[in-house]
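The values are calculated or read from the model by the stated rules, or taken from the named source; none is laboratory data. What you see is a predicted model; the values in this text were computed from it and never measured. Cβ: placed from backbone, ideal geometry, glycine included. Neighbour counts: every protein chain shown.
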Amino acid sequence: MEDKLVTLAIRTFKRAQMIKTVLEENGIETVIHNLNLDQPEMSVGVRVRIKESDLPRALKIVEEMESAWEHEPATGSTSTQKVLIPIDFSDQVPKATDFGFHFADLLAAEVIYLYVYFSPAFTISSNNDMSTYSISDSELLKKILSTANAEIEIMTKRIHDRIANGELPNIPFSFEMKEGVPEDQIQDYCKKHKPALVVMGTHGRKLTNELVGSVTAEVMEACVSPVFAVPTLMTMQSPDDIKRVAFLTNFDQKDLISVDRAISLFGPENIELYFIHASDKNVAWNEVMLAGIKSYFANHYPQLVANYDLLNANDTPEFLNNYMTNHQINVLAFNSHRRNLFARLFNPGLAYKMVLHSDIPLFVTHV
């Protein structure tokens, strides 16, 4: 039986070349597709493809490489904190701007808008003989950049007008454009500059269970910075409407650090906090752990109004949505452990599920 090619990863040209080199050094035949052969440095989102039988070994190697990239020392850091707002000039931008500027004002930070442009390529393939026809060229790239610059000019004027009208706090903001795969470039920026917060728009609740295609979900699964996701269809109109925050806890000690970050961002005097632990088993130890959390926050944040619930259910998006609707929760917060490539590919985490199935803002940290 013929060993077919499968896509291992979609990465920028530079990253794909590095992966290809290391895999071939380990005896794994690797092919890169969607490549602009005339100007390879301009081609982005290229596919790294390998034989299906090599997938287990290749996944382990790529995971080790990405772990090494993640721990590269930060460069270009400054004393000014940053709030990063990735944009695609869609209808999500205004709400992301409202919340991004609000949090930047609280953090005494500047706002950085990051636009990642993707050079499109039209690909026709047949079995293992991948014949590639690309319509990506220098003229098309010029058009993409020209359109993006025009959008940035319009957006800059709109933001200045809103600042002048008192709709947004008067804080510094700027734009950066990068070519590449959006989730890769956003995560690379965060590794290098360590923004205090990433504010991203999301389309929210879907009509399908498909868990593929959300840049926001991918960033939330692996980003080194805290991420605040703003659904397009959420009912909350402004950051001042954040009154009730639910924190999903698994009784991990690191959860306490994440909760401290959430309280610092939203303000202990402004919010009512709901600690919830979802389980399909009635374990007495859960009551003990929840009592411990209650004691900790009563001592450290005596002014904080806190509620505690043990939920007899799996942490499915539908169940959590029902709970948050019944308790009028404005934000769901939780600590999401960064997981390896294999886990992200075949078992999407809670961040993925909630981004695609909820219209309530999410605050996710990685501790």
Taking the residues in region 69-103 that are farther than 24 Å from residue 170 by Cβ and not in a loop (DSSP other than H, G, I, E, B) as candidates, determine which candidate is modelled with the lowest pLDDT. 70
Mind counting the residues in region 127-183 that are part of a helix (DSSP H, G or I), in contact with a helix residue (DSSP H, G or I) (Cβ under 9 Å, 6 or more places away or on another chain), among the aliphatic types (A, V, I, L, M) and modelled with pLDDT of 80 or more? 3
The number of residues in region 173-186 that are touching a residue at least 60 places away in the same chain (Cβ under 8 Å), over 21 Å from residue 142 (Cα atoms) and under 11 Å from the mean Cα position of the chain (by Cα) is 2
Can you report the number of residues in region 250-286 which are of a type in the set (A, V, I, L, M, F, W, C), out of contact with any Asp or Glu (no Cβ under 8 Å at 6 or more places or on another chain) and modelled with pLDDT of 75 or more? 9
